[in-house]
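S.K.: Below is the structure I would like to discuss, written out as structure tokens.
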Amino acid sequence: MNIVVAGGTGLVGQEILRLLAKRQNVHVTALIRRKLPELSTSPNIEYRIFDFDSESDFVWLSQQPCDVFFCSLGTTIRTAGSKEKFLKVDLEYPSRLLASVKSRRPVFALVSSVGADKPRGFYLNTKAELEKRVIDSGLSWVIVRPSLLLGRRQEFRFFEGLARACTEPFHGVIRGVLAGSLSKYAPVKAVDVAHALVECGLQLTSGGANRILEGEQIFKSQ
């Protein structure tokens, strides 16, 4: 099985690669801007430096075999520096990736955000628009909508780091309190998001219904 991962240097992306590294009979191509020493090393993972502003790189991608495409690209407006740069990373690049691999008919597995179903504000409206493009693509797809992600990022995000520091010690308690429909707002570990995405994404290659996972559904997929 041929798998492509975009966003492999991010919090969820690194966990996706660690999970895929343990699987047999898969070949993984990870599209990255730069090689980092913390990235998973495995004989079935090939890292390719990919320029997301290069037309030739997208042409190359369109010619590669792809059974499942995992997209975990994402940033914040603060980190990107402007709304325009944020749109590039969170909407333009994923949309171009989607268009490039569409002819290969892969399962498209996307990391989105809680609240994308009822978006308010620029951030969630961007997530909602990307989800719409994936759903309208005609491909099989799985979308995971996590709330606050728990884990150690390569980049420092002050307010997100502060929120994690306040909530991570009480992760289990918060999950217990926010049950049912409110569970989607509970913080979730990046490895759990990655596990849900990988399991459902690979299962869809054998058929089945497209899925949106959030809250308790993320944990029930394990």
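S.K.: If you check L36 against the conditions, is it loosely packed, with under 14 Cβ neighbours inside 10 Å, of a type outside the set (V, I, T) and touching a residue at least 60 places away in the same chain (Cβ under 8 Å)?
M.R.: Spelling it out, L36 is indeed loosely packed, with under 14 Cβ neighbours inside 10 Å, of a type outside the set (V, I, T) and touching a residue at least 60 places away in the same chain (Cβ under 8 Å).
S.K.: Right, another one. Only one of I45, I16, I3 is more than 25 Å from K127 (Cβ to Cβ) and surrounded by 18 or more Cβ atoms within 10 Å (Cβ to Cβ). Can you tell me which?
M.R.: It is I45.
S.K.: Every residue in region 26-57 that is part of a strand (DSSP E or B), under 21 Å from G201 (Cα atoms) and of a type in the set (A, V, I, L, M), please.
M.R.: V28, A30, L31, I32, I45, listed by residue number.
S.K.: Mind listing just one residue for me: the one in region 186-209 that is assigned to a loop (DSSP other than H, G, I, E, B) and not aliphatic (A, V, I, L, M) and, of those, most open to solvent (accessible area, probe 1.4 Å)?
M.R.: G208
S.K.: Let me ask you something else. Taking region 67-120, which residues are open to solvent by 40 Å² or more (accessible area, probe 1.4 Å), out of contact with any Cys (no Cβ under 8 Å at 6 or more places or on another chain), modelled with pLDDT of 95 or more and outside any loop (DSSP other than H, G, I, E, B)?
M.R.: Hits for region 67-120 are K83, E84, K85, L87, K88, E92, R96, A99, K102, S103.
The values are calculated or read from the model by the stated rules, or taken from the named source; none is laboratory data. A quick note: this is a predicted structure, and the numbers were derived from the prediction, not measured. Don't worry about glycine lacking a Cβ; one is built from the backbone with ideal geometry, like all the others, and counts go over all protein chains shown. What goes into the accessible areas is simple: the full protein's heavy atoms, side chains included, and nothing from ligands, DNA or RNA. Shrake-Rupley method; radii C 1.70, N 1.55, O 1.52, S 1.80 Å.
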